[in-house]
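Working notes, structure below.
Quick note: the coordinates plus some simple rules give every number you see, no bench work behind them. Please read all numbers here as calculations on a predicted model, not as lab measurements. Neighbour counts are summed over all protein chains in view; Cβ atoms, including those assigned to glycine, are modelled from backbone coordinates with ideal geometry.
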Amino acid sequence: MNSREQALNILYKVIKEQKHANKMLNELSKSKAMSSSDIAFIYKLVYGTIQYKIYLEYVVNKIINPLKTDYKIQVLLWMNLYQIKFLKTSIYSVTNEAVELTKKINSNLSGLVNVVSKKLQDTKLWEVNIKNKQNITPLEMGFPFWLYKQIQKDYSTEVANKIVNISNEQCNFSFRVNLKLITQKEFEKKYMQEWDLQKSNIVNNGYLTNKNIIKTKEFEQGLIFIQDETSILAVELLEVKKNSKVLDMCCAPGGKLTYIATFINKNNLVDGYEINKSKEKIINQNLKRLQISNVNLNFTSALNINKTYNRILLDAPCSGFGVFKRKPEIKLKKYSDQEMQELYDLQYDLLKKAVESLDKKGILVYSTCTINKKENQNQIEKLLRSYPDINLEYQQQFFGFEGNNNGFYIAKLKK
Ligand SMILES: C[S@@+](CC[C@H](N)C(=O)[O-])C[C@H]1O[C@@H](n2cnc3c(N)ncnc32)[C@H](O)[C@@H]1O
C-alpha cells in the first residue's frame, strides 16, 4: 500500500468512524512497514486534511454533488485539494495517484476523480463566498462556525479570532525532567546548550525545544517526560510535600500522576483513580519508563472514593476544545446537547466528590483541556456558591495563543 492509500484509509476512519488519528499513525509508524519519509508524508496528509476538512469540503462541493458521490471518494478529493493548495504538489502527480487509487475503490469513478481533481487547481474555486462575512476566516481555517460563535459568546470576537488564526499551527514542544532520576541542575548542566533548550516562563520544571526528543536515549531511559507547560503547572500548583496525602482522581495515561509521585517520599503512595481499565497498559508503560513505583492504582470511578486527602488533583474528562493543534479531529467533533449535559454533570459530581474528600487546609486543583466556559469557570462558580468553606486561590484560562500552547483551564482551591 502506498503513502496516499494509507493516508486515505486513516482519514476515512477518522472522519467517518471517529477513530483517533494519532493512535493509527503511531501504530503505522511502529510497524516499520514504511520508510520514515513516507510516514512523515502520511502524517502531513492526514493532519492537514483534517485541519482544513471543513474548508476543503466546501470547495469540493462546488463541483460535485455530495449526496450522489461515494464518501471515500469525497475524502480522496479533499485530500487532493489539500495537496494542490497547501502542499503545492503538481496537479499531474495528484491526479495520477488519485485515479490509480480510485480504480481500487470503484473503477467506474476514476473518470470523475480525474476531471474533478484537475478542476481543483482553479484558484477562483478556492475563494470563500458566503453571506456572513464574519465566518469567512473560520471557514478558510477549517474552524467550525458553531464553536467560533460559542467562543465569541463566552469571551469576545477578538479571542475567537485569535483562536481561529492559530488553530492550525504546530504548538510548542515541551517536556519536564524526571526528578526521580535526575535533578534539574544536573540536567541543565548537561543538556541546556547541547539541545538548545529554552526554560519555560510559566513553570519551574519545563523546557521548550525544537529537537525531536522522542528519538533520544534520554527519553527511552526516562530522564524526561513530554508534557504541555499547562499540565506541568497544574501539578506544581498542588504544592505537594514529601508526606502529603495525594489523590489523582482521573489519572490515565499518568502524565500528572508520575510528576506528583516525584515530590513525595518513596514509601508514600499517591492514589490514582481511572475508570477506564483499558488504559492500565499505557499508565504502566509510563511508570516503568520513568522508574516510578510509589503509586496505588485503582481502576474504578473516582466517585467511589471514601478516604480523605490534603492534596487532590481533578484533571477532569472534558470536551477537549483546547487541543486542536495536537488533535485536529476535535474540530470535527460535535457533541449532542445531551452528551454535553452528561459531561457537565459528571464534572460537577467529581468536583463535589473532590471537595468532600479534601481535608481542612487541603488544596484542590481542577483542570481541563478545554476553553468551554460551562466546563470551567461556570463549574467553579457553582462549586464556590455551594461550598462556602472553599476559596479560589488561582484561576487561569489558557487559550493557546499566549505562548503557542494548547487551550487549558486551571483552578486552584483551598479548604
Ligand atoms: C483528561 S484525562 C486525564 C489525564 C491525566 N490526568 C494525565 O495527566 O495524564 C481524563 C481521564 O478521566 C477518566 N475518567 C472519566 N470518568 C472518570 C471517573 N468517573 N472516575 C475516574 N476516571 C474517570 C477518563 O477515562 C480519562 O482517562
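According to the Kirkwood expression over distinct Cα-Cα pairs, how big is the hydrodynamic radius of region 355-415, in Å? Working shown, then result.
Details: mean 1/r = 0.0823 Å⁻¹.
When all Cα pairs of region 355-415 are included, the Kirkwood radius is 12.2 Å.
The calculated 222 nm mean residue ellipticity attributable to helices in the chain amounts to -13000 deg cm²/dmol, summing -39500 (n - 2.57) over DSSP H runs of n ≥ 4 and dividing by all residues. To the nearest 0.05, how large is the calculated FRET efficiency for Lys131 and Thr308 if R₀ is 51 Å and r is the Cβ-Cβ distance? Plugging the Cβ-Cβ distance into 1/(1 + (r/R0)^6) gives 0.35. Both radii are taken from the alpha-carbon atoms of region 229-414; with Rh as the Kirkwood radius, Rg/Rh is 0.94.
Distance distribution note for region 3-126: the fraction of Cα pairs above 20 angstrom is 39%.
Which net charge results for the neighbourhood of Gln221, defined as the other residues with beta-carbon distances under 14 angstrom from its beta-carbon, given Lys and Arg at +1 and Asp and Glu at -1? Please list the in-between numbers first.
On the way: positive: Lys180, Lys190, Lys215, Lys217, Lys288, Arg289; negative: Glu186, Glu218, Glu220.
Combined, the nearby Lys, Arg, Asp and Glu give +3.
With all projection directions averaged, the alpha carbon convex hull of region 285-349 covers 6.9 nm². Less than 5 angstrom separates the built amide H of Val295 from those of Val270, all sequence-distant by 5 or more or on a different chain. Here the 3J(HN,Hα) profile of region 269-274, calculated from phi with Karplus coefficients 6.51, -1.76 and 1.60 at θ = phi - 60°, is 9, 8, 7, x, 10, 8 Hz, Gly and Pro shown as x. Rg and Dmax over the alpha-carbon atoms of region 14-67 stand at 13.8, 39 Å. Rounded to the nearest 5, what % of DSSP beta bridges with both residues in the chain are antiparallel? If I count the DSSP bridges inside the chain, around 55 percent turn out antiparallel. Give me the base-10 log of I(q)/I(0) for the chain at each q in 0.06, 0.10 Å⁻¹, Debye formula, one uniform scatterer per Cα, rounded to two decimals. Scattering profile of the chain, log10 relative to I(0): -0.29, -0.77. Using a cut-off of 25 Å between Cα atoms, the listed pairs Lys245/Lys327; Lys85/Lys133; Lys44/Lys256; Lys217/Lys277; Lys44/Lys189 include Lys245/Lys327; Lys44/Lys256; Lys217/Lys277; Lys44/Lys189 as exceeding that distance. With 0.36 nm allotted per residue and the present C-alpha distance subtracted, the Lys124-Glu140 stretch has 4.4 nm of extension available. Could you state the number of Å between the C-alpha centres of region 90-164 and region 204-275? Answer, in whole Å: 39. How much net charge surrounds Gln150 when only other residues with a Cβ under 14 Å from its Cβ are counted (Lys, Arg +1; Asp, Glu -1)? Local net charge: +4.
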